[in-house]
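Report on one structure; see the data block that follows.
The values are calculated or read from the model by the stated rules, or taken from the named source; none is laboratory data. It should be emphasised that the depicted structure is a prediction, and the values quoted were computed from it without experimental measurement. Heads up, the Cβs are rebuilt from the backbone with ideal geometry, glycines too, and the neighbour counts pull from every protein chain shown.
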Protein chains: 2
Amino acid sequence: METIKLALIDRSYNIIAGENIIKAFGRNAARLKIGTDAYIITNEKIKRLYGNRIRKTMEGCGFSLRFRTVPDGEASKSIKTASSIIADIADYDQRRRIFIIAMGGGVIGDLSGFVASVYKRGVPYVQLPTTLLAQVDSAIGGKTGVDLAEGKNLIGAFYQPRLVFSEIGFLKTLSQRQARSGLAEVIKYGVIKDTALFSYLEDNYPDILRLKTGALEYIVCRCSRIKAKMVSADEREEKGVRTLLNFGHTAGHAIEAAGRYKLHNHGEAVALGMLVAAGISRRLGLLPESGVKRIENLIRAVGLPTRITGVTLSAVINAHYRDKKFLGKKNRFVLAKGISKAVIRENIPLEIIKDSLRERMRGSTALLRAAGKLDR
Amino acid sequence: METIKLALIDRSYNIIAGENIIKAFGRNAARLKIGTDAYIITNEKIKRLYGNRIRKTMEGCGFSLRFRTVPDGEASKSIKTASSIIADIADYDQRRRIFIIAMGGGVIGDLSGFVASVYKRGVPYVQLPTTLLAQVDSAIGGKTGVDLAEGKNLIGAFYQPRLVFSEIGFLKTLSQRQARSGLAEVIKYGVIKDTALFSYLEDNYPDILRLKTGALEYIVCRCSRIKAKMVSADEREEKGVRTLLNFGHTAGHAIEAAGRYKLHNHGEAVALGMLVAAGISRRLGLLPESGVKRIENLIRAVGLPTRITGVTLSAVINAHYRDKKFLGKKNRFVLAKGISKAVIRENIPLEIIKDSLRERMRGSTALLRAAGKLDR
């Protein structure tokens, strides 16, 4: 078990990660003194798998609780779902000592954090992430939000949880696709910050895919530490530090949106986005071809896609220009400068973006190059 | 013209109040460096009256702008209206240099502040209050929110504006009912904090109702200073300082809700709520009968109601127990300890609350006392 502090001026909190720690969850929640009535937002599957264990540890510490399940998938990140949950919380919240627990993956975390941020102008919440993606990334740092038809996360807040509690044991029931999706974000940390982590992944990814405790605990703790540090330095993404965590996400979000969030899950889209960003980095002379290959090989090895299929170039480009990460008319990308260093670049020529997308859309790079279709 | 600083650790801002200052609004907004594209939320009447002046001062400083009008009244404080505005902002926000201007009364201020707090996890906003109530109270301090069927302001945030710009000239077009509604909050400041202000009101209320500039400027500046100080000391209403501003609002909200927000406007409900709170204060020995009389006389003199009509006692009591200001099963009231001092009291016996409500529902106090229906 490891405790990592996410330091903020007046809202520091702990990330606690380890195996078989769930029985201590009630005790840790009680220590926060944030209320007596827990409102737990989760989905049916997670409730069935882990609901009783949560009930036991919470009731053992004198909490009352109510579960609320939402359907799986991005569609639950809506204002409609959020409003319906808030009405239910208002009904439950008779003693005015309520707090919220987000028990699930990224969708549940974003939705629950948003609900906590706006219910009665803000009530405390705790992240209890159950997927690899949520444990290494989305549960940490207080980015919350719901979607509008006009765009993802258009409605949201920076609102920090009071505790992130990552039970490694919860990851044992992940599907391979979910594990891979989380791995995409882990690879991201390697590329932007941590050569040792990247090498570890190259050597040990089979253990992660086999969901071995030691490997999972290692990457959850390592990524949590990196993210905690970056969020501490730049909570609201204003100083160019937290921004680096968007590596792979600019093109990734566009690819995800172009596929209407059905073709690719978030990790798959981020994997493709990282390859596009690596291609741009290479074209700008920031990353050698060998670096692109190393990233591509790892992504392929873990079973994540390396080819963009099912969407057109123009659909991706259109989605691109709606992305939150554009500032003014300028585009803005996080690019790789070798492995373990990232930089922010603006005003990338559109042709370079398009070439880097095309490279991932047609046949293999080698074939394209042979056909003279690539710039070098 | 007066500039009052609202001091907060990292989000201090100015309240600027004066007559005929609107021509300097563009310059003051430009100084904030919060964007180039202003999105102005207002209503049809205000746009017709003042839209051109805003356009002139803003365009003169190089801003682009888009107006969005919403219907008058509490019904506009809805998630539906907020979502529709956010979709429109996303369309307008092509250069990613947007900020929001709330140009109106309390409803527009609360709604616009909420939209600003959640659009893309928060964009800057400016309050340009056009009613007395908004200038002396609701535009200051960052309480934002929209309503659900389950309760008022159930969805919201503490989110501070970057500037409050109170053009006294805007108040010249207020109806008498709107002026009185604002006066209720001004009387509140007198009762909880400021004997001199209370005396000033007793002597000068006719000038305020005649909308004379000097009197309006005096009370707007005086109230802004009081509120700025209380919000600085206790931004999130956690330390029992800002809480005092709720004097008259506990019973007031219940009366407003019992009348389904149609029978009384906010100021009228607050006036009645202050009289109920004064009655409770008297029953608890905090306020002499002469103090109650002094408050009642001023409220009556300005033309605000002193009798609760059109709602039943049980409707008010039921609405009461849904109010946000209850903590746990305990009730909590702000009570008057003489003029210019307020205290917080919890667990007021229900009979005392009911008696104080009944006192305002039936005939006059004297008649009730004669009939032996009052406790003393």
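If a residue counts only when it is surrounded by 19 or more Cβ atoms within 10 Å (Cβ to Cβ) and more than 14 Å from chain A (Cβ to nearest Cβ), which helices (runs of 4 or more DSSP H) contained entirely in the range B:1-100 have at least 2 such residues?
Qualifying helices (runs of 4 or more DSSP H): B:25-31, B:44-59.
Would you check if B:Leu216 is surrounded by 21 or more Cβ atoms within 10 Å (Cβ to Cβ), over 28 Å from B:Arg31 (Cα atoms) and not β-branched (Val, Ile, Thr)?
In short, no.
Within the range A:233-241, is there a residue that is surrounded by 19 or more Cβ atoms within 10 Å (Cβ to Cβ) and of a type in the set (A, V, I, L, M)?
No, the range A:233-241 contains no residue that is surrounded by 19 or more Cβ atoms within 10 Å (Cβ to Cβ) and of a type in the set (A, V, I, L, M).
Give me the pairs, please: first residue somewhere in the range A:55-70 and closer than 18 Å to A:Arg96 by Cβ, second residue anywhere and among the basic types (Lys, Arg), beta-carbon distance under 7 Å, and either six or more positions apart or on two chains.
Between residues of the range A:55-70 that are closer than 18 Å to A:Arg96 by Cβ and residues that are among the basic types (Lys, Arg), the close pairs are A:Leu65/A:Arg55.
Look through A:Asp323, A:Asp355 and report the one residue that is assigned by TED's automatic domain parsing to the domain that holds A:Tyr261, modelled with pLDDT under 70 and under 29 Å from A:Lys262 (Cα atoms).
Unique residue meeting the criteria: A:Asp323.
Report, by residue number, each residue of the range B:254-264 that is surrounded by 24 or more Cβ atoms within 10 Å (Cβ to Cβ) and out of contact with any His (no Cβ under 8 Å at 6 or more places or on another chain).
B:His264
Quick check on my filter: what residues within the range B:242-257 are of a type in the set (Gly, Ala, Ser) and within 13 Å of the chain's Cα centre (by Cα)?
Scanning the range B:242-257 gives B:Gly248, B:Gly252.
Restricting to the range A:101-122, name every residue that is within 14 Å of chain B (Cβ to nearest Cβ) and either surrounded by fewer than 21 Cβ atoms within 10 Å (Cβ to Cβ) or outside any loop (DSSP other than H, G, I, E, B) (or both).
A:Asp110, A:Leu111, A:Gly113, A:Phe114, A:Val115, A:Ala116, A:Ser117, A:Val118, A:Tyr119, A:Lys120, A:Gly122 - these are the residues of the range A:101-122 that are within 14 Å of chain B (Cβ to nearest Cβ) and either surrounded by fewer than 21 Cβ atoms within 10 Å (Cβ to Cβ) or outside any loop (DSSP other than H, G, I, E, B) (or both).
Within the bounds of the range B:196-219, is there any residue that is under 26 Å from B:Val343 (Cα atoms) and under 16 Å from the mean Cα position of the chain (by Cα)?
Within the range B:196-219, one or more residues are under 26 Å from B:Val343 (Cα atoms) and under 16 Å from the mean Cα position of the chain (by Cα).
If you check B:Ile295, B:Ile308, B:Ile299, which single one turns out to be surrounded by 19 or more Cβ atoms within 10 Å (Cβ to Cβ) and in a loop (DSSP other than H, G, I, E, B)?
Every option except B:Ile308 fails the conditions.
Of the residues B:Gly113, B:Gly122, which single one is on the phi > 0 side of the Ramachandran plot, in the same structural domain as B:Ser83 (by TED's automatic domain parsing) and touching a residue at least 24 places away in the same chain (Cβ under 8 Å)?
B:Gly122
Check off (1) within 14 Å of chain A (Cβ to nearest Cβ); (2) under 23 Å from B:His264 (Cβ atoms); (3) over 15 Å from the mean Cα position of the chain (by Cα); (4) modelled with pLDDT of 95 or more for B:Ser175 and give me the number that stays unchecked.
The one condition B:Ser175 does not meet is (1).
Would you mind telling me which numbered condition in (1) in contact (Cβ under 8 Å) with a residue 24 or more places away in the chain; (2) farther than 19 Å from B:Tyr189 by Cβ B:Lys330 fails?
Among (1) in contact (Cβ under 8 Å) with a residue 24 or more places away in the chain; (2) farther than 19 Å from B:Tyr189 by Cβ, B:Lys330 violates only (1).
For the range B:95-105, state whether one or more residues are of a type in the set (Lys, Arg), out of contact with any Leu (no Cβ under 9 Å at 6 or more places or on another chain) and in contact (Cβ under 8 Å) with a residue 24 or more places away in the chain.
Checked against the condition, which is being of a type in the set (Lys, Arg), out of contact with any Leu (no Cβ under 9 Å at 6 or more places or on another chain) and in contact (Cβ under 8 Å) with a residue 24 or more places away in the chain, the range B:95-105 yields no hits at all.
For the range A:1-56, which positions are acidic (Asp, Glu) and either at pLDDT 95 or above or farther than 24 Å from A:Arg236 by Cα (or both)?
A:Glu2, A:Glu19, A:Asp37, A:Glu44, listed by residue number.
When you scan the range B:212-230, do you find a residue that is farther than 30 Å from A:Ile79 by Cβ and touching a Cys at 6+ places or on another chain (Cβ under 6 Å), even just one?
The answer is no; no qualifying residue exists.
For residues in the range A:360-376 being at pLDDT below 95 and within 28 Å of A:Thr195 (Cα to Cα), which is farthest from the chain's Cα centre (by Cα)?
It comes out as A:Arg376.
Quick one: is A:Asp10 of a type in the set (Asp, Glu), within 19 Å of A:Pro161 (Cα to Cα) and out of contact with any Leu (no Cβ under 6 Å at 6 or more places or on another chain)?
When the stated conditions are applied, A:Asp10 passes them.
When the residues of the range B:125-149 are filtered to those that are touching a residue at least 12 places away in the same chain (Cβ under 8 Å) and part of a loop (DSSP other than H, G, I, E, B), which remaining residue is nearest to the other protein chains (Cβ to nearest Cβ)?
B:Gly142
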